[in-house]
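The structure under discussion appears below in the form of structure tokens.
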Amino acid sequence: MTTLQQLDGTYVIDPAHSQLGFVARHAMVTKVRGTFSEFEGTATTGPDLQGAQIELTAQVASVDTRNADRDGHLKTGDFFEVETFPTLTFRSTAVEAADADTLRVTGDLTIKDVTKPVTIDFEFNGAATDPYGNQRIGFEGSTTIVRSEFGITFNAALETGGVLVSDKIQLELEVSAIKQA
């Protein structure tokens, strides 16, 4: 069984088998989930996570909440303003093993040209060789951000109190990455 400390080399995220998603509270009573369908990323590490570096870029216009009207609104200046800020990025500043199965990644998340530090704990789901001979690794993790800190401040008050869209947003990442030769 492969451990975090045994990972070595460069890995490229396989977007067909990965997901970059988010969850927001809507009207204070339910959750709306969305994903970015176009993204790419790489991770490079030496043995024992020496020099580990992770980068991710998502095309914001690929946002998909399974509702075309809502997706259109998310692309406007009320939210992501994709014409001016077409990508969101993440670049690690520290990568460490929090324990035997948890990779703690701290880095700079940039949304709408605002960069803030975030930390994400990823559960290491293991390594496997797929039927095509690719060496794959799998991780899943999540963290909460405050969208207003990134300049995403649109909201509407509700008659019953509260607001239409939560300020706290849960980011959820499921990653399958392929080791490069």
Open item on the list: What distance in nm separates the two pseudo spin-label positions at Asp130 and Asn67, each 7 Å out from Cα along the beta-carbon direction?
Closed with: 3.3
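If you take all C-alpha pairs in the stretch 106-147, what percent of them are over 18 Å apart? Display every interim value, and only then the final one.
Numbers: 420 of 861 pairs.
Of all Cα-Cα distances in the stretch 106-147, 49 percent exceed 18 Å.
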Open item on the list: Output wanted: per-residue J couplings in Hz (rounded whole) for the stretch 50-66, from phi through Karplus 6.51 cos²θ - 1.76 cosθ + 1.60, θ = phi - 60°, x for Gly and Pro.
Closed with: 5, x, 4, 9, 10, 9, 9, 10, 10, 7, 5, 5, 8, 4, 9, 10, 6
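How many percent of the accessible area of the stretch 30-79 is carbon or sulfur, using a 1.4 Å probe? Can you show the working numbers first?
Numbers: 1230 of 2760 Å².
Roughly 45 percent, rounded to a whole number.
Relative contact order for the stretch 1-92 using alpha-carbon pairs under 8 Å, separation at least 6, rounded to a whole percent? Write out the running numbers ahead of the final one.
Values: 156 pairs, mean separation 23.4, N = 92.
Over the stretch 1-92, the number comes to 25 percent.
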TODO: Divide by every residue of the chain the summed helix terms, -39500 (n - 2.57) for each DSSP H run of at least 4, and state the resulting mean residue ellipticity at 222 nm, rounded to the nearest 500 deg cm²/dmol.
DONE: -1000 deg cm²/dmol
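Please give the per residue accessible area of the chain, computed with a probe of 1.4 Å over protein heavy atoms only, in Å².
55
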Task: the chain, relative contact order in percent, only Cα pairs under 8 angstrom and at least six apart counted - done: 26
Task: Total charge dipole magnitude, the chain, about the Cα centre, Cβ charges on Lys, Arg, Asp, Glu only, Debye to nearest 20 - done: 300
Task: Residue pairs, from the table Lys112/Lys168; Lys112/Lys179; Lys116/Lys179, whose Cα atoms sit over 22 Å apart - done: Lys112/Lys179; Lys116/Lys179
- [ ] Return the loop-located chymotrypsin sites (Phe, Trp or Tyr not before Pro) in the stretch 97-153 (DSSP other than H, G, I, E, B) with at most 12 other Cβ atoms within 10 Å of their own Cβ; answer none if there are none.
- [x] Tyr132
- [ ] Please list the non-local residues whose amide H lies under 5 Å from the amide H of Ala98, H modeled 1.01 Å from N, same-chain partners needing a gap of 5 or more.
- [x] Leu103, Arg104
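The values are calculated or read from the model by the stated rules, or taken from the named source; none is laboratory data. Just so you know, these numbers come straight off a predicted model, no measurement behind them. Methodologically, a virtual Cβ is constructed for each residue, glycine included, from the backbone with ideal geometry; neighbour enumeration extends over all protein chains shown. For accessibility, only protein heavy atoms count, side chains too; no ligands or nucleic acids. Shrake-Rupley method; radii C 1.70, N 1.55, O 1.52, S 1.80 Å.
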